[in-house]
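I have placed the structure first, in the form of structure tokens, so that the comments after it can refer back to it.
The values are calculated or read from the model by the stated rules, or taken from the named source; none is laboratory data. Owing to the predicted nature of the structure, the values given are computational and were not obtained by experimental measurement. Cβ coordinates were reconstructed from backbone atoms using ideal geometry, including for glycine residues, and neighbour counts include every protein chain displayed. Accessible surface areas use protein heavy atoms only, side chains included; no ligands, DNA or RNA. Shrake-Rupley method; radii C 1.70, N 1.55, O 1.52, S 1.80 Å.
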Amino acid sequence: MALDLPLIWAILIAVAIFAYVVLDGFDLGVGILFPAGRTESERTLMMNSIAPVWDGNETWLILGGGGLFAVFPLAYSILMPALYAPIIAMLMGLIFRGVVFEFRFKSSDRSRHRWDAAFFLGSFVAAFAQGVALGAVVQGVPVEGRTYAGGWFDWLSPFSVMTGLALVSGYALLGATWLIWKTEGPSQQHFRAIARNVGLALLVFIGIVSIWTPFLDPEIFTRWFSYPSSLYTLPVPVLVVAAAALMFTSLRGTRDGIPFLAALVLFLLSYVGLAIGLYPYIVPRSVTIWQAAAPEDSQKFLLVGAVVLLPVILGYTAYAYWVFRGKVRPGEGYH
């Protein structure tokens with residue numbers, strides 16, 4: 001039986017993007033929450049919790065973007081012109097953050113507040129730009145033939161701004177629950193309170209997106225609300241409610257890792273919900289994954305490389321998290 005290579009590659013790229021969202025999401029979330037650090041010591045603690053892993057987390061972004069370019073060149077050639085502005089903003093924000101990691105610990109006390117502001121700004125801009133790009137793709141990209149047919153600012157709309165803010169709140173939740181896992185004492189209680197607030201905000205945004213998205217396209221509406229397809233989509237909102245209940249319940253408990261894991265489940269379910277609405281399009285309502293795919297020989301060649309590369313990435317990522325496991329305490333850190 002012949003392998004459906006475009007579908008396999010679509011799954012691999014989707015997994016890489018999700019891995020980036022959850023891994024880089026929590027360290028972007030820590031940056032978004034940086035102004036909430038009550039003291040210099042607490043802000044240093046926040047940065048030390050992600051210092052050993054933040055750069056490795058961005059490997060998945062390169063894998064996802066590189067995979068899209070290599071395996072789905074038509075989709076890449078359409079989506080990039082449509083999303084130049086938010087993508088450039090995202091990259092500038094990520095560069096800003098990388099500079100802060102190098103300079104903040106070496107700066108004087110008088111200039112450190114500037115690096116703190118830069119860390120927050122870079123994190124917020126990167127997260128918001130990712131959400132705006134996502135919203136622009138979900139709402140649809142105008143295509144004529146095989147090229148982008150829209151204008152410079154088609155990516156900017158009420159829906160994309162809303163998804164930008166939604167992703168910021170989601171990353172803030174990941175950051176807060178990560179800090180619950182990595183800290184203890186008064187700092188941990190502080191981040192528990194923050195997690196409750198940003199968790200409520202995220203649930204509101206999930207509700208808005210869930211109501212708004214089906215009205216963007218009749219096909220999405222039919223997939224979610226018509227019988228019998230609704231029987232297959234109904235478990236998603238039910239599981240979202242269950243995951244949210246688990247997260248808020250665990251915020252009152254003593255098992256520090258459960259809120260973070262519950263937040264990851266919320267992200268996964270939201271991701272699955274988007275995939276249900278968009279499949280089989282890689283450029284929504286215009287180009288399917290099979291229409292956008294590179295020649296079969298190219299896909300096979302790249303798949304061999306992915307089979308070798310993915311275990312290596314997974315291995316060193318797991319090793320890094322294992323080495324730097326446990327709580328981060330004041331006076332200790334890697335930088």
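Listed by first and then second residue, the pairs linking a residue in segment 74-89 that is of a type in the set (Ser, Thr, Tyr) to a residue that is in a helix (DSSP H, G or I) and crowded, with 17+ Cβ neighbours inside 10 Å, with Cβ atoms under 9 Å apart and 6 or more places separating them unless they lie on different chains, are 76/65; 76/68; 76/70; 76/292. Would you check if there is a residue in segment 30-41 being under 19 Å from residue 184 (Cβ atoms), more than 15 Å from the chain's Cα centre (by Cα) and open to solvent by less than 10 Å² (accessible area, probe 1.4 Å)? Yes, some residue in segment 30-41 is under 19 Å from residue 184 (Cβ atoms), more than 15 Å from the chain's Cα centre (by Cα) and open to solvent by less than 10 Å² (accessible area, probe 1.4 Å). Checked against the criterion of being under 19 Å from residue 118 (Cβ atoms), in contact with a Pro (Cβ under 7 Å, 6 or more places away or on another chain) and crowded, with 16+ Cβ neighbours inside 10 Å, segment 18-25 has no qualifying residue. Among the residues of this structure, residue 93 counts as one that is closer than 18 Å to residue 121 by Cβ, surrounded by 16 or more Cβ atoms within 10 Å (Cβ to Cβ) and touching a Gly at 6+ places or on another chain (Cβ under 8 Å).
The requirement of being within 30 Å of residue 36 (Cα to Cα), at pLDDT 85 or above, part of a helix (DSSP H, G or I) and open to solvent by less than 50 Å² (accessible area, probe 1.4 Å) is fulfilled nowhere in segment 220-239; no residue meets it. Which members of segment 229-246 meet the condition of being touching a residue at least 40 places away in the same chain (Cβ under 8 Å) and under 18 Å from residue 167 (Cα atoms)? Scanning segment 229-246 gives a single hit, 244. All conditions but one from (1) more than 24 Å from the chain's Cα centre (by Cα); (2) within 19 Å of residue 53 (Cα to Cα); (3) in a helix (DSSP H, G or I) apply to residue 329; the one that does not is (3). For segment 168-214, the set of residues classified as within 16 Å of the chain's Cα centre (by Cα) and among the aromatic types (Phe, Trp, Tyr) consists of 171, 178, 205, listed by residue number.
Could you tell me whether any residue of segment 93-114 is modelled with pLDDT of 90 or more and hydroxyl-bearing (Ser, Thr, Tyr)? Looking for residues that are modelled with pLDDT of 90 or more and hydroxyl-bearing (Ser, Thr, Tyr), one finds none in segment 93-114, hence no.
This table checks each residue for (1) within 30 Å of residue 320 (Cβ to Cβ); (2) buried (at least 21 other Cβ atoms within 10 Å of the Cβ).
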residue	(1), (2)
74	no, no
87	yes, no
98	yes, no
130	yes, yes
153	no, no
164	yes, yes
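Suppose the filter is closer than 29 Å to residue 23 by Cα, out of contact with any Ser or Thr (no Cβ under 9 Å at 6 or more places or on another chain) and of a type in the set (A, V, I, L, M, F, W, C); does residue 202 pass it? No: the conditions fail for residue 202. Of the helices (runs of 4 or more DSSP H) lying entirely inside segment 41-153, those containing at least 1 residues that are of a type in the set (Ser, Thr, Tyr) and on the phi < 0 side of the Ramachandran plot are 59-71, 73-82, 84-103, 112-139.
Take the conditions (1) over 22 Å from residue 208 (Cα atoms); (2) surrounded by fewer than 22 Cβ atoms within 10 Å (Cβ to Cβ); (3) of a type outside the set (Val, Ile, Thr); residue 123 misses just one of them, which is (2).
Residues that are more than 30 Å from residue 192 (Cα to Cα), open to solvent by 20 Å² or more (accessible area, probe 1.4 Å), in a helix (DSSP H, G or I) and among the polar types (S, T, N, Q) within segment 263-309 comprise 291, 298, listed in sequence order. Within segment 241-262, the set of residues being among the hydroxyl-bearing types (Ser, Thr, Tyr) and open to solvent by 40 Å² or more (accessible area, probe 1.4 Å) comprises 249, 254.
Among residues of segment 196-221 that are under 13 Å from residue 170 (Cα atoms), those with a beta-carbon under 7 Å from a residue that is not in a helix (DSSP H, G or I) at least six positions away or on a different chain give the pairs 196/251.
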